[in-house]
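Structure, as structure tokens:
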Protein chains: 2
Amino acid sequence: MKVNLPTDETEKAALKQARDEFVSQWGALGSQWGISRTMAQIHALLMISEQPMTTDELMDELQISRGNAHGNVKELVAWGLVRQVVVRGERKEFFEAEKDVWEIARTVARERKRREIEPALGVLRECVEKSSTWKSAEAQAFHQQVRQLEEFVSFASKVADQVSGMKHGFALQLAAKLLG
Amino acid sequence: MKVNLPTDETEKAALKQARDEFVSQWGALGSQWGISRTMAQIHALLMISEQPMTTDELMDELQISRGNAHGNVKELVAWGLVRQVVVRGERKEFFEAEKDVWEIARTVARERKRREIEPALGVLRECVEKSSTWKSAEAQAFHQQVRQLEEFVSFASKVADQVSGMKHGFALQLAAKLLG
DNA sequence: CTGAATTTTCAGAATAAACTGAAAAACATG
DNA sequence: CATGTTTTTCAGTTTATTCTGAAAATTCAG
């Protein structure tokens with residue numbers, strides 16, 4: 001069996017510390033974003049874990065309750081950022097995160113479109129519709145403004161579709177178009 | 001003086017209702033997004049207001065306290081989405097929103113980069129740095145994953161710069177590049 | 001079918017975020 | 001400088017969100 005030289009031990013400890021730091025910081029960023037701290041931490045943990053993990057491991061690692069771990073991991077599954085996998089000979093459910101950053105980006109683009117852009121479009125279209133036949137100067141100003149907003153959000157929606165439709169090496173395509 | 005025909009009155013009432021609906025719905029969207037409901041409502045109100053407004057008008061229109069109106073309008077100014085303007089012969093402060101959607105988009109891109117992308121980059125770079133010389137298989141897997149994340153976020157940062165640097169008609173440029 | 005293992009739910013507790021209202025500070029006017 | 005006006009601050013309250021922990025439901029093996 002391999003001998004653990006002092007440097008091995010040092011590296012192992014430093015790795016653990018770096019992983020914890022990453023999970024913790026990613027969680028803090030999560031709340032800056034619109035998602036809960038715990039959900040971001042679970043995502044971070046699964047992204048840097050080589051093996052799929054169980055709910056109990058998440059509870060243990062992050063010091064959180066079963067209900068919390070359960071709810072958040074299921075929400076990550078609903079987002080499409082985490083999937084449930086079967087480990088042979090095990091009854092428990094195991095979870096693993098999508099690790100490919102381009103896939104993650106596509107998923108986030110798709111979900112944010114659905115959750116943020118589409119509801120806004122609904123509101124704006126209703127306002128544009130209602131105000132389209134009004135005659136007064138004030139009403140026309142209102143119409144103009146909501147129409148411009150609607151046009152922009154509609155454009156953003158198309159961009160999101162375009163991005164989430166791009167295949168694996170999409171960053172190259174996108175980079176070429178935007179930066180080239 | 002102009003006579004108010006029944007249709008004028010009807011339109012006036014419908015306009016008021018549409019404006020209120022827009023403000024209320026935009027507020028709800030705001031919380032779906034990462035910003036407070038009130039801040040989004042103030043922004044909506046100022047975007048569809050033809051004249052600049054005072055804190056007292058905001059308080060009255062949205063039925064909120066002075067402290068709340070004050071704090072949120074100042075935060076919008078800090079974002080760069082609203083500016084303070086001087087109205088001749090008035091002592092009170094007046095506020096108006098940027099109405100040009102492309103300007104709004106640039107501002108949001110710039111601010112979100114600063115608030116969401118840059119802190120993430122900081123965390124990731126630290127992790128990449130620390131783990132770059134480690135030897136074990138686990139450590140290298142960690143390094144690889146955070147490096148990929150760092151590369152992507154760094155790319156996103158460049159995209160945000162590009163977008164926020166585009167001049168007025170940028171949507172056309174962007175549309176041509178992305179959709180063309 | 002039985003019982004142990006596991007997942008799911010959810011009422012109440014804890015925490016975090018937003019808001020109020022009034023007092024203090026800053027400002028303008030004569 | 002005295003006074004009335006407007007802005008700013010902030011301690012305390014309310015509201016919204018997240019989390020806990022235990023009970024109920026489900027699943028599976030024998």
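Report ³J(HN,Hα) in whole Hz for each residue of region A:65-79, in order, from the Karplus equation J = 6.51 cos²θ - 1.76 cosθ + 1.60 where θ = phi - 60°; Gly and Pro get x.
6, 4, x, 5, 4, 4, x, 6, 5, 5, 5, 5, 5, 4, 5
Quick one: dipole size for region A:101-179, taken about the Cα centre, charges +1 on Lys/Arg Cβ and -1 on Asp/Glu Cβ, in debye to the nearest 20.
Details: 13 positive and 10 negative charges, 49 e Å.
It comes to approximately 240 debye.
State the answer as a single residue: which of A:A97, A:Q173, A:W134 lies farthest towards the positive end of the charge dipole of region A:74-174, with beta carbon charges of +1 for Lys and Arg and -1 for Asp and Glu, about the Cα centre.
Going by the Cα projections, it comes out as A:A97.
Residues of region B:96-123 losing 50 Å² or more of accessible surface, assembly versus chain alone, probe 1.4 Å, please list them.
Buried by the other chains: B:V101, B:E116, B:V123.
About its Cα centre, how strong a charge dipole does the protein assembly as shown have in debye, to the nearest 20, once Lys and Arg get +1 and Asp and Glu get -1 at the Cβ? Write out the running numbers ahead of the final one.
On the way: 50 positive and 52 negative charges, 124 e Å.
Charge dipole, the protein assembly as shown, about its Cα centre: 600 debye, nearest 20.
Calculate the length of the line joining the C-alpha centroid of region A:118-154 to that of region B:100-158, in whole Å.
Spelled out, the Cα-based centre of one part sits 37 Å from the other.
Too long at a 25 Å Cα-Cα cut-off: which of A:K113/B:K177; B:K92/B:K113; A:K12/A:K92; A:K167/B:K158; A:K99/B:K130?
Values: A:K113/B:K177 20 Å; B:K92/B:K113 34 Å; A:K12/A:K92 28 Å; A:K167/B:K158 21 Å; A:K99/B:K130 20 Å.
Table pairs above 25 Å Cα-Cα are B:K92/B:K113; A:K12/A:K92.
Under a 5 Å amide H to amide H cut-off, with H placed in plane at 1.01 Å, what residues pair with A:V82 once short-range neighbours are removed?
Sorted by chain and number, the residues that satisfy this are A:V77, A:E98.
What relative contact order, as a whole-number percentage, does chain A give when Cα pairs under 8 Å and 6 or more residues apart are counted?
Values: 152 pairs, mean separation 26.5, N = 180.
Across chain A, relative contact order equals 15 percent.
When the scattering of region B:26-103 is computed by the Debye formula from its Cα atoms alone, each counted once and equally, what is log10 I(q)/I(0) at q = 0.22, 0.24 Å⁻¹?
Debye output, listed in q order: -1.02, -1.21.
Hey, could you grab the Kirkwood Rh for chain A? Inverse mean 1/r over distinct alpha carbon pairs, Å, one decimal.
Details: mean 1/r = 0.0504 Å⁻¹.
With all distinct Cα pairs of chain A included, I get 19.8 Å.
Leaving out ligands, DNA and RNA, what percent of the accessible area of the protein assembly as shown is carbon and sulfur, probe 1.4 Å? It would help to have the intermediate numbers written out before the result.
Working: 10180 of 19580 Å².
It is 52 percent, rounded to a whole number.
Might you tell me the accessible area per residue for region A:6-97, computed with a 1.4 Å probe and given in Å²? Walk me through the numbers before you get to the answer.
Working: 5070 Å² over 92 residues.
Per residue, region A:6-97 has 55 Å² of solvent-accessible surface.
Please compute the Kirkwood hydrodynamic radius over the protein assembly as shown, one decimal place, Å, based on all pairs of different Cα atoms.
Details: mean 1/r = 0.0427 Å⁻¹.
Value: 23.4 Å, from the Cα pair sum.
Counting partner chain Cβ atoms within 10 Å of every residue's Cβ in B:37-44, what's the average?
Working: counts 0, 0, 0, 0, 0, 0, 0, 3.
Mean shielding by partner chains, rounded to a whole number: 0.
Copy-to-copy spacing for B:S132, label 7 Å out on the Cα-to-C-beta vector, in nm, shortest first?
In nanometres, ordered from closest: 5.7.
The values are calculated or read from the model by the stated rules, or taken from the named source; none is laboratory data. These figures come from a predicted structure and were not determined experimentally. Virtual Cβ from ideal backbone geometry, glycine too; neighbours counted across all protein chains shown. Heavy atoms of the whole protein, side chains included, go into the accessibility calculation; ligands, DNA and RNA do not. Shrake-Rupley method; radii C 1.70, N 1.55, O 1.52, S 1.80 Å.
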